[in-house]
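Q: Handing you this structure, nothing more for now.
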Amino acid sequence: MEESKKKPIMIGLIVVCLATAFGIWRKSRPEKYGIESIKRGEMIWVKCSNPDCGHEYQMDKRDYLEYIQKHMDPMMMTISALPCPKCGQESVYRAVKCSKCETVFFANSVRGDFSDRCPKCGYRQIEEDRKKAKARRAKERMEKTTE
């Protein structure tokens, strides 16, 4: 083929490839971003940090994040507290519930330790999940080598 005919064909091929790549990228993107992408009904634990109250309850994750975003002070490097429905003070923060002993605690409550370690019983859900995943991968490797 002549050199003068090759160049337009190559440019056309590049344009088609770029258009296809753009189309795939556009289709694979989620419709919603940020807080809007969080489905209603996903619950998180929150707890009042007032020592005289200590009220703990679950709330919709999207409502929690919307409140934090709405009341966030860009000059502060801290998370805003929610008002407590029991004592009325702005002292409610996100918390974690231990799946072993059911204690609700603030993440990072054990200083210098992992954020999900229960201060009461020492259990870590993430650690257990990792051990199970490691054992599952080892089992799958063993099954592949015996085949």
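Values quoted throughout were computed directly from the atomic coordinates according to the rules given, and no laboratory measurement underlies them. On a predicted model such as this, the values are computed, not experimentally measured, just so you know. Here Cβ is always computed from backbone atoms with ideal geometry, including for glycine, and neighbour counts include all displayed protein chains.
Q: When the residues of region 44-60 are narrowed to those that are more than 16 Å from Ala107 (Cα to Cα) and without any contact (Cβ under 8 Å) to a residue 24 or more places away in the chain, which ends up surrounded by the fewest Cβ atoms within 10 Å (Cβ to Cβ)?
A: Step by step, filter region 44-60, then rank; the result is Pro51.
Q: If you don't mind, another one. Given the structure, is Cys17 under 27 Å from Glu102 (Cα atoms) and surrounded by 10 or more Cβ atoms within 10 Å (Cβ to Cβ)? Outline the logic, then answer.
A: Numbers: under 27 Å from Glu102 (Cα atoms): no; surrounded by 10 or more Cβ atoms within 10 Å (Cβ to Cβ): yes.
Against the criterion (under 27 Å from Glu102 (Cα atoms) and surrounded by 10 or more Cβ atoms within 10 Å (Cβ to Cβ)), Cys17 does not qualify.
Q: What pairs come up if the first residue lies in region 5-29 and is free of Cβ contacts under 8 Å to residues at least 12 places away in the same chain, the second is polar (S, T, N, Q) and part of a helix (DSSP H, G or I), and their beta carbons are under 8 Å apart, counting only those six or more places apart or on different chains?
A: none
Q: Then there is this: Just checking, does region 66-79 include any residue being at positive phi and among the charged types (D, E, K, R)? Spell out the reasoning first.
A: First, the residues of region 66-79 that are at positive phi: none.
No: zero hits.
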